[in-house]
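A short worksheet on the structure shown next.
Bear in mind these aren't lab numbers, they're just calculated from the coordinates by the rules spelled out. Small disclaimer: the values here were computed from a predicted structure and weren't measured.
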Amino acid sequence: MNRITTDEAYFAWFKSSLEKSKAFFYEHPSVLLSTTYLALSFSGLIYLYVLGRGVGVDIIKYLELVDFIMAFLATPTILYSSVVAIITSLITALLIKRHNKKQVKSKVQTEGWKSWIETYRMYYKINPLYLISCMILLLPSAYSIVVADLDAERILLGEGKTYQVDLVNPVSIYEQPKLRFDHLKLVTETERFSFFYSVELKQVLLITRDNIASVQLASQGYDN
């Protein structure tokens, strides 16, 4: 049973666990890479699910094996959010450690509920390395949800780049064949499909990538 009751003992436990983990990952680097890869892929899938739900299409249903494997590369935003989440976790851990060191050196005694929190800490029974690891793994997913909601809202509001798409073969929209679409917002792309939101039709268009003759930025008129 864990008998830790002080910050000094708690951080000593953390240091000891960290050294053991460093030794393990040094001998088995593939475990660290695989865990990081799975965390990023899971964040990517969450991002695509939330983004699709926000614009009214089930993107996950159209993903292939390659898309599942490389989901976090669907947009650089997922990588950015993951990096921000990891940095936030590390900064939070550092700030907590500094705060606790100041509390130990301070001669001012806290009272009331603050004193109870500082003297009866339930997380003394949890390895601090596990707490930081959970934050690093879970925060990227949380950031992905927030970013996906913001991206979906931005698309629905018509913000961002507007595209024109020419097709190889016509598709039927309201029983009318069309070879060209204007005022489209790119939602995302998969191995087989491109997802565009039509500002005029107020709906998402699924276009197979092999049926796209050209994609042009409406404002600049060059092939993208």
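The stretch 5-41 to the stretch 133-157: how many Å between their Cα centroids?
Value for the Cα centre distance between the two parts: 26 Å.
Would you work out the Kirkwood radius for the stretch 163-217? I mean one over the mean of 1/r across all pairs of different Cα atoms, in Å. Could the numbers behind the result be given before it?
Numbers: mean 1/r = 0.0898 Å⁻¹.
For the stretch 163-217, inverting the mean 1/r across all distinct Cα pairs yields 11.1 Å.
Once the cut-off is 17 Å, how many percent of the Cα-Cα pairs in the stretch 144-192 end up in the long-distance tail?
The proportion of pairs with Cα distances above 17 Å equals 52 percent.
Give me a comma-separated list of calculated 3J(HN,Hα) values for the stretch 162-173, in order, Karplus coefficients 6.51, -1.76, 1.60 applied at θ = phi - 60°, integers in Hz, x for any Gly or Pro.
Karplus values, whole Hz, x for Gly and Pro: 10, 10, 10, 10, 9, 10, 6, 10, x, 10, 9, 10.
From the phi angles alone, apply the Karplus equation (6.51, -1.76, 1.60; θ = phi - 60°) to the stretch 134-142 and give each ³J(HN,Hα) in whole Hz, x where the residue is Gly or Pro.
Using θ = phi - 60°, the values come out as 4, 5, 5, 7, 8, 4, x, 5, 5 Hz.
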